Amino acid sequence: MKIQIAEDDPVSLQLLQATLEMNGHEVVTSTNGSEAWEKFDREPVRVIVSDWMMPGLDGLELCRRVRARPKTEYTYFILLTANNTGRENLRAAMAAGIDDFLAKPLDREAIFMRLRVAARILDFATQIRTLKELIPICMYCKKVRDDSDYWQQVDTYIHTCTGTNFSHGVCPECLQKHLSDFTIHNLSSEGPAAD
């Protein structure tokens, strides 16, 4: 994978870069958040490993910009943290769009585990994007055509392709429409009211 590192500590940067390159990854490095954003904005990558506290943009703001960038494939974002990062900070990081965390000092095995998860998530994201882009759907009944030219409900099609299960509900707009139809139908089937 092509991985971007944003880390202002030169020793940590070199260690992480060497570790990733030894495992066959292509690495793009940045020594601060602003530089990382400029490189990403020019040429997006699918995985970013970023320090939290950096000059320029910090890791959270870098993540927010990555998430807000239009027409960008999903980027898996790993944030480097101190061992004593509190829950509130972790919640703020998750709210900013962070996918995963790595505690410093860095552990090679932990890095590889996180990257295996990243590869799996990115593969699923690619499959979902492909499904979203290529699903033939009837413009009237909204059924989806599968590869065998069989037309089925959207939820059945997606379940067959991905294993995803659905829970069903009624949106407020449909509830109003169908409740009105139901009420009118019941009133008309009861006939005229007796005097």
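The values are calculated or read from the model by the stated rules, or taken from the named source; none is laboratory data. Note that this is a predicted model, so its numbers are computed, not measured. Virtual Cβ from ideal backbone geometry, glycine too; neighbours counted across all protein chains shown. The accessibility values were calculated without ligands, DNA or RNA, using every heavy atom of the protein model including side chains. Shrake-Rupley method; radii C 1.70, N 1.55, O 1.52, S 1.80 Å.
Arg42 meets each of the listed conditions (1) touching a helix residue (DSSP H, G or I) at 6+ places or on another chain (Cβ under 7 Å); (2) within 22 Å of Ala125 (Cβ to Cβ); (3) of a type in the set (D, E, K, R) apart from (1).
Any residue in the stretch 122-141 that is among the small types (Gly, Ala, Ser), in a strand (DSSP E or B) and either within 14 Å of the chain's Cα centre (by Cα) or at pLDDT 85 or above (or both)? So far as the stretch 122-141 goes, no, none of its residues is among the small types (Gly, Ala, Ser), in a strand (DSSP E or B) and either within 14 Å of the chain's Cα centre (by Cα) or at pLDDT 85 or above (or both). Scan the stretch 162-178 and give yes if some residue there is at pLDDT 75 or above and surrounded by 13 or more Cβ atoms within 10 Å (Cβ to Cβ), otherwise no. Scanning the stretch 162-178 turns up no residue that is at pLDDT 75 or above and surrounded by 13 or more Cβ atoms within 10 Å (Cβ to Cβ). Listed here are the strands (runs of 3 or more DSSP E) enclosed by the stretch 1-111 that have at least 2 residues being open to solvent by less than 20 Å² (accessible area, probe 1.4 Å) and in contact (Cβ under 8 Å) with a residue 12 or more places away in the chain: 2-6, 47-51, 76-81.
For (1) out of contact with any Leu (no Cβ under 7 Å at 6 or more places or on another chain); (2) of a type in the set (D, E, K, R); (3) modelled with pLDDT of 95 or more, each residue gets a yes or a no:
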site: Asn23; (1), (2), (3): yes, no, no
site: Val28; (1), (2), (3): yes, no, yes
site: Ala36; (1), (2), (3): no, no, yes
site: Lys39; (1), (2), (3): yes, yes, yes
site: Val45; (1), (2), (3): yes, no, yes
